[in-house]
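None of the figures in this text is laboratory data; all of them are computed from the coordinates on show. From a predicted model like this one, the values you see are computed outputs, not experimental measurements. With ideal geometry, Cβ positions are generated from the backbone for all residues, glycine too; neighbour counts draw on all protein chains shown.
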Amino acid sequence: WGAWLKGKNAAIPELVKAGCDFVVFSGSTVLTAAVDEKTGKILEVEPSIADTMLRTTGSLPVDAVFINDDSVGDGPLTWQHLMQFQRCAALLTKPLLAPVPADAGPEELKLLWEAGVVGAVVDTEGLSPEKFKALRNTIGDTKFPPRGRRREKIDATLPRPQREPAVAEHEEEEEE
């Protein structure tokens, strides 16, 4: 089990003592609130985070990154969401977690998986136990492709200069 701190820093020691497996915290959480080595650390970031900031998470002492997109709770997943998640996954070296609506189906879950999302975060506030169980069954019954997610290396493509064809120089014979 885990806890989402949402800016609350003082509760971390109590959560660790209670046996919390992981904590989700934002970039505004104070560094002195660091948890012990046994407790997982998940950094929450906004989908609009700059690419350079997202890349820096690779060297931070966190176990995963959660892209918190509040618009996911407003309705179904969209292509815009998928593009945001895929962009983040391409820039991250850490596992990516993303919000998923409680009524997500197997097709949506597979698309998220293929985009690089390895974990679903579901808002359970107001969610009936039956609906939660149905989502859990959907996740459990979905056949995901093998994890071998391709990591495409992004390189610049530069034009190759065209070689000028060798021009035969005609040597004019000098008349004497």
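How big is the Kirkwood radius of the stretch 22-112, worked out from every pair of different alpha carbons and given in Å to one decimal?
When all Cα pairs of the stretch 22-112 are included, the Kirkwood radius is 14.0 Å.
What is the gain in length, in nm to one decimal, between Glu114 and Ser28 on full extension, counting 0.36 nm per residue of separation less the C-alpha to C-alpha distance?
Separation in residues times 0.36 nm, less the Cα-Cα distance, equals 27.9 nm.
Add +1 for every Lys or Arg and -1 for every Asp or Glu among the other residues with Cβ under 13 Å from the Cβ of Gln84, and state the total.
-3
Pairs Lys6/Lys94; Lys6/Lys143; Lys6/Lys110; Lys38/Lys143; Lys38/Lys131: which exceed 27 Å Cα-Cα?
From the list (Lys6/Lys94; Lys6/Lys143; Lys6/Lys110; Lys38/Lys143; Lys38/Lys131), the Cα-Cα distance tops 27 Å for Lys6/Lys143; Lys6/Lys110; Lys38/Lys143; Lys38/Lys131.
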